[in-house]
Amino acid sequence: MDYLTATKNKKYLMYISQNYSYAILRPLQQEILAQGGEVKWFLEGNEVTSSFLKNNESHLLTIEEVIRWSPDVSFVPGNVIPPFIPGIKVGLFHGFNSGKRNRKGFEDHFNIRGCFDLYCTQGPNTTSRFEQLSKQYKHFAVKETGWPTLDPLFNPDTKSIYTQPDDKRKTLLICSTFSRNLSLAPKLYQTIKTFSEQGKWRILMQFHPKMPNELVTKYQALENENLTFIETDNVLPLLKAADVMLCDTSSILLMFILQRKPVVTFCNQDPGKHLLDVTEPEKVEAAIELALSHPAQLMDDIESFCQQLHPYQDGLSSQRVLAACNELVLTNPKLKPKPLNLIRNLKMRKKLNYWRW
């Protein structure tokens, strides 16, 4: 059976709590609508902005409206979703596994919270682990699909608004996570300030939305003809515009490297041969110059890494996700009941002010 065509007349909910989730789910929304399905959005909490919705995007305002609408499938690029929403719940991830560990020392990417019926994984290096966890817990299925977010990245017709054809300099993209222990922002300010004054490269900067305001303000003050600080809910045009990236342990570096472009990292938690990692500020500039020269061994290591991380370059991951979800809806495999998660579920009910049972 062609499970993609089964999309017609089904209902799909985009359940989000962060502004970056818009860009994660919009390629999937586009495919759903093209296949005759219906899409609505629900925005949870105060960290997601309703003004980012487009005029043609439908928005459910309350959890009561969501339940009355009764979606067949809910897509979540986050960690949790209330169990009392009808339909199957699908984990799509808000990024790649960048090696970050939680307070207990475990990789947070593989933390099973008992909220999802299906995980749509991005590539072999995460699929195998989730398949092991599926056999262990037995209450969710796993399908390797690729990440819908990246479909536009692999579309040659997608243009970047951040390119400047008249500027012949190489473009350096600097990104940073918000965690104080992992972020390059507090440690490389003077280095980046020097880069902005040198004018050797055209520099684009973008920080995680949770970056402390004082650091954002400090870097915004560096803006000049060589450096542009950008706040956006869609990083893909930034990725396409740059020749090389300077980053830390943020998972955005993995999105960038899938273009087969080099990444220089500062004190990365999980450095590998595919990265040029440095731990001293005075070595950053030389590492960037080396990256821009595209050394053969580095580029081979990047290719091998990408084949494990996300081998799909066809821009059709949204189709694979949609087919996998429809298959689960129609075949209704016998999964074990998800755990009750009483404390977490009570917290979600309180947050959403929903007390019907």
Could you tell me whether VAL244 is within 30 Å of TRP147 (Cβ to Cβ), touching a helix residue (DSSP H, G or I) at 6+ places or on another chain (Cβ under 7 Å) and of a type in the set (Val, Ile, Thr)? yes
In segment 140-147, is there at least one residue being among the hydrophobic types (A, V, I, L, M, F, W, C) and outside the structural domain of ILE16 (by TED's automatic domain parsing)? no
All positions within segment 211-234 that are in a helix (DSSP H, G or I) and of a type in the set (S, T, N, Q): ASN213, THR217, GLN220
With the condition kept exactly as written, say whether any residue in segment 295-313 is within 20 Å of PHE75 (Cβ to Cβ) and of a type in the set (S, T, N, Q). no
Considering (1) outside any helix (DSSP H, G or I); (2) free of Cβ contacts under 8 Å to residues at least 24 places away in the same chain; (3) of a type in the set (A, V, I, L, M, F, W, C), say which one VAL90 fails and leave the rest. (2)
Please state which one of ASP270, ASP277, ASP300 is assigned to a strand (DSSP E or B) and surrounded by fewer than 22 Cβ atoms within 10 Å (Cβ to Cβ). ASP277
Selected residue [under 22 Å from THR171 (Cα atoms) and in contact with a Leu (Cβ under 9 Å, 6 or more places away or on another chain)] from ALA296, ALA287: ALA287
Residue that is among the small types (Gly, Ala, Ser), free of Cβ contacts under 8 Å to residues at least 60 places away in the same chain and either surrounded by 20 or more Cβ atoms within 10 Å (Cβ to Cβ) or assigned by TED's automatic domain parsing to the domain that holds LEU328 (or both), where the choices are GLY45, GLY36: GLY36
Subset of segment 242-263 [under 15 Å from THR177 (Cβ atoms) and among the β-branched types (Val, Ile, Thr)]: THR249, ILE252, VAL263
Which numbered condition in (1) at pLDDT 95 or above; (2) of a type in the set (Lys, Arg); (3) part of a loop (DSSP other than H, G, I, E, B) is the only one that ARG320 fails? (3)
Looking at segment 28-41, can you tell me whether even one residue there is touching a strand residue (DSSP E or B) at 6+ places or on another chain (Cβ under 7 Å), under 16 Å from TYR354 (Cβ atoms) and part of a strand (DSSP E or B)? no
Among the candidates THR217, THR232, single out the residue that is at pLDDT below 95 and surrounded by fewer than 21 Cβ atoms within 10 Å (Cβ to Cβ). THR232
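A quick yes/no check of all residues on (1) hydrophobic (A, V, I, L, M, F, W, C); (2) assigned by TED's automatic domain parsing to the domain that holds THR171:
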site	(1), (2)
ARG260	no, yes
PHE266	yes, yes
GLN319	no, no
LYS336	no, no
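The values are calculated or read from the model by the stated rules, or taken from the named source; none is laboratory data. What you are looking at is a predicted structure, and each value in this text was computed from that prediction instead of being measured. Neighbour counts run over all protein chains shown; Cβ positions are idealised from the backbone, glycine included.
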